[in-house]
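See structure below.
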Amino acid sequence: MSSRSASSLLLPLLAALYTMQGMNVGLAFDAYPVLLRHAGVSLETLSLLPLASLPWIVKFLWAPLLDNYWSPRFGRRKSWIIPAQCLQGCLLVVIALLPFNTATTSILMVVIFVSCMVGSTQDIATDGLAADLSHGKTLVNANAVQVGGLAGGMLLGGPGVLMCSEVLDKTQAILLMAGLVWATVGWLLLWSEPAGPRISRSPARLRKTWERKGFMPLFALALFAPLAGSILYNLVRMILLDGGLSISEVGVLTGIEGYGSVLMGSVLASWLLLHGRLFWMFLVASVLVLLASLGWLLLLQLPGALHSWLPVGLIATTGLGLGIINVSTFKLLMDYVQRGDQAATDYAVFQSTGLGSDIMASMLSTAVSAWLGYTAGVALSTLAAIWLIVGWWLIGRAWSMPTPPEAVH
């Protein structure tokens, strides 16, 4: 395969890789909580389930290995992506054969922990691939593909499994996902990784990331940007299920509609970024998430409204806002890491921060809801959204411009 042809296939390949990664995230954060809750597992136990995803939080610890070691025969990023994909395919087969019930909760947590270890390692390499080979408009599109691919994969691995559990056998659904993983492996073997930027003689180190100029503001952005949306998406599934909706209905609302709106938000964000609208776009998206949080607070006071059109509108509003926020955040972070010489390591630090914030927010909101009710849990999302809006507005004031300078050219 020629270098030009390989470069032209970069975006479709990134879409496939991010979709595969999203599948495993969907299993951990969407399918497992709902299926185990349906099987009678308590909210207190479910609040511990996100701990199985700990590797996503600490993946930055081994990220320098991926920047420093690889096989020239396969390519700097392919050397890690191919083995990770193969292992992930095997683990999905194991997950498919395990029943989802209370008795197997501990076993499932161990398997998903290993799966998250492998998936987080692949994510480091995939992000490094995107940072190495994407520039200008291609980078904006790559960020949209990243958000869209992850959302699509989470749709398959989470709500897709939930819906199939009432129509098809759960085992067959997950085995189908394993087949998609192996198909991606075949594609990778046929694809030749183009040469990336010049590799620094200085080895990648975490200390170099923390000491870089401009690190702290972006670290804060990665920490706080996902909080409000993460809390909402975590609780909405439980609210709908406990409100009397079936698993398939929850899957349609939080999956097809929820992730579909995230996809729409990512496409809209990609177009707006090409026209230099990052600051106001992010601010409006944060307001959308705040309005959705306030809407759910109102809805919880009207239990009968769960069976109306209101949840549809609130879920769509949340997804649209999250899609825009995620693409905007990833664009800022990717611009920053490209200016260094250890893209995979630098980006892994930011992503670990965001994912850690996501997981901790999900655990805290579930625990608070178990103790004080769903209203208290959703109130946390409202506070997080207000904090994000105020913080982003202060960033804009610090830039001393009505619209801060954009990095899109």
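The values are calculated or read from the model by the stated rules, or taken from the named source; none is laboratory data. All of these numbers come straight from a predicted model, not from anything done at the bench. All Cβ positions, glycine included, derive from the backbone under ideal geometry; neighbour counts span all protein chains shown. Note: accessible area is taken over every heavy atom of the protein model, side chains too, but ligands, DNA and RNA are not part of it. Shrake-Rupley method; radii C 1.70, N 1.55, O 1.52, S 1.80 Å.
At-a-glance table
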item	result
Förster radius 25 Å - calculated FRET efficiency between Leu168 and Leu310, Cβ distance, rounded to 0.05	0.25
At least 18 Å along the helix axis (C-alpha) and Kyte average at least -1.0, DSSP helices within the chain	10-26, 78-97, 105-133, 137-157, 170-190, 227-242, 258-273, 278-299, 310-338, 343-372, 374-398
Cα-derived Rg over Rh, computed across segment 242-380 with Rh taken as Kirkwood radius	1.03
Among [x] 61, 55, 34; [y] 72, 55, 41; [z] 57, 46, 44, the entry that matches Cα extents along the principal axes in Å as calculated here	[x]
Protein accessible area in segment 257-342, 1.4 Å probe - carbon and sulfur %	75 percent
Residue among Ala63, Phe224, Asn326 farthest towards the positive dipole end of the chain, charges placed on Cβ	Ala63
Loop-exposed trypsin sites (Lys or Arg not before Pro) per DSSP, neighbour cap 14 Cβ within 10 angstrom, longest uninterrupted part of the chain	214-338
Alpha-carbon radius of gyration plus Dmax, which is the widest Cα pair, for segment 86-140 in Å	16.1, 51
Debye-sum result for segment 128-206 in log10 I(q)/I(0), which assumes one identical scatterer on each alpha carbon, at q = 0.19, 0.21, 0.25 Å⁻¹	-0.99, -1.06, -1.17
Sulfur and carbon atoms: percent of accessible area, segment 1-134 [1.4 Å]	71 percent
Radius, Kirkwood style, for segment 1-139 when every pair of distinct Cα atoms is counted (Å)	16.4 Å
Residues whose placed amide H lies under 5 Å from that of Asn101, excluding near-sequence neighbours	none
C-alpha center-to-center spacing [segment 99-161, segment 183-247] in angstrom	9 Å
Nearest-10 value in Å² for the accessible area of Glu249, using the 1.4 Å probe	90 Å²
Cα pair distances exceeding 15 angstrom across segment 297-347, given as percent	63 percent
Which of Gln122, Leu139, Leu54, positive extreme of dipole for the chain (C-beta unit charges)	Leu139
Accessible surface ranking that places the most exposed of Met23, Met117 first, with a 1.4 angstrom probe	Met117, Met23
Per residue accessible area of the chain, 1.4 Å probe, in Å²	41 Å²
Net charge dipole size for the chain [Lys, Arg +1 and Asp, Glu -1 on Cβ; Debye, nearest 20]	1200 debye
Estimated FRET transfer efficiency when R0 is 45 angstrom, pair Leu206-Leu294 (beta carbons, to 0.05)	0.70
Whole-Å distance, taken between Cα centres, linking segment 293-329 and segment 18-46	20 Å
Rounded to whole Å, sorted largest first: equivalent-ellipsoid semi-axes of segment 196-256, Cα gyration tensor	43, 16, 8
Full-extension gain in nm, Lys137 to Thr104, via 0.36 nm per residue minus C-alpha separation	7.2 nm
